[in-house]
Structure formats: C-alpha cells, structure tokens
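Below is one structure, written out as structure tokens; comments come after it.
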Amino acid sequence: MPILNALIFAGLGSLVFIVAFSIVVKIAPFDLWKEIVHEHNVAAAILAGAVALGLCWIIAATMH
C-alpha cells in the first residue's frame, strides 16, 4: 500500500502543479512561452522557473 499511496500523491501533485502553472501562464501580462523561446528572454525564463519552484514547494508542503 505505501507504493500505491506514493504513486497517487505523485500523480495528484503533478496534476495540481500543471493546473496551477497553466493558470499563472494565462494571467501573465505577456506571452511567456514566446518570450522564452523566440525572444530568448532570460528574465522570463527565470520568472517561470521561480514560479514553478514556488508552486512545487507549496504542493509538497501541503502533501507532506
């Protein structure tokens, strides 16, 4: 049962992260992916990484 619980929590955490990150991308005042991929904007990539880490820490703390 512990392995099943770990898989359930990992899947649930990944799902929550994907939903939360997609919401953040949609409410950003600019097209985040265009800035990162086409414009090579390092600041936008750092922003996206910081948001991803922050969301992951919140989700991990909640599930722990």
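The values are calculated or read from the model by the stated rules, or taken from the named source; none is laboratory data. All values derive from a computational prediction rather than experimental measurement. Note: ideal-geometry Cβ built from the backbone for every residue, glycine included; neighbour counts use all protein chains shown. In case anyone asks, the SASA skips ligands and DNA or RNA and just uses the protein heavy atoms, side chains included. Shrake-Rupley method; radii C 1.70, N 1.55, O 1.52, S 1.80 Å.
Beta carbons closer than 7 Å, at least 6 apart along the sequence or on distinct chains, pair a first residue in the stretch 12-26 that is among the β-branched types (V, I, T) with a second that is open to solvent by less than 50 Å² (accessible area, probe 1.4 Å) for V16/I59; V24/V51; V25/L32.
Selection of first residues in the stretch 52-64 that are within 23 Å of W33 (Cβ to Cβ) and of second residues that are assigned to a helix (DSSP H, G or I) and at pLDDT below 85, restricted to Cβ pairs under 7 Å at least 6 apart or on distinct chains, gives an empty result.
The set of residues in the stretch 9-59 that are at pLDDT 90 or above, over 10 Å from the mean Cα position of the chain (by Cα) and of a type in the set (V, I, T) comprises I27, I36, V37, V42, I46.
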